[in-house]
Amino acid sequence: MHMDSTGGAGGPFTPQPIARSADSLDVGRSLDDASHDGNRNTSSHTPAHVAVIQAENHELRAEAEQLRADRSKMADILNRLMEVLGSKSPDRLVHDVRNVLNERELYRALADTIAE
């Protein structure tokens, strides 16, 4: 999953599904078909086929672990931003940041008029 920060319907940083490649889906599907289809011989999986599946499994586990670490880091950043801005909800964070930026622009405009 990746985190969608575009402010979609689920709010900021809503987990989104990650699309898997067609090749990896085919490998998984062929295993599922073989294990659920009584007419197929499951011993037809060659050692090379098993090695490919094991490598993919290892890669997916590593990716899942990286995503967990990324999610934890993003949650920490989100919590720190909420604390700094005094936000009560992650859903309000974008709104609160916009307010801070608008206030900054107003202060700049005020400072420019005083300096003149």
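Kindly indicate which of 116, 83, 59 is among the charged types (D, E, K, R) and modelled with pLDDT of 95 or more.
After applying the criteria, what remains is 59.
Let me confirm something: among 71, 108, 104, 92, which residue is of a type in the set (Lys, Arg), touching a strand residue (DSSP E or B) at 6+ places or on another chain (Cβ under 9 Å) and either exposed (fewer than 10 other Cβ atoms within 10 Å of the Cβ) or part of a helix (DSSP H, G or I) (or both)?
71
Report, by residue number, each residue of segment 76-89 that is free of Cβ contacts under 8 Å to residues at least 24 places away in the same chain, part of a helix (DSSP H, G or I) and within 23 Å of the chain's Cα centre (by Cα).
If the condition is that a residue be free of Cβ contacts under 8 Å to residues at least 24 places away in the same chain, part of a helix (DSSP H, G or I) and within 23 Å of the chain's Cα centre (by Cα), then 76, 77, 79, 80, 81, 82, 83 are the ones that fit.
Please find, among 30, 72, 43, 35, the residue that is modelled with pLDDT of 95 or more and among the hydroxyl-bearing types (Ser, Thr, Tyr).
The conditions single out 72.
The values are calculated or read from the model by the stated rules, or taken from the named source; none is laboratory data. Source: prediction; values computed, not measured. Neighbour counts run over all protein chains shown; Cβ positions are idealised from the backbone, glycine included.
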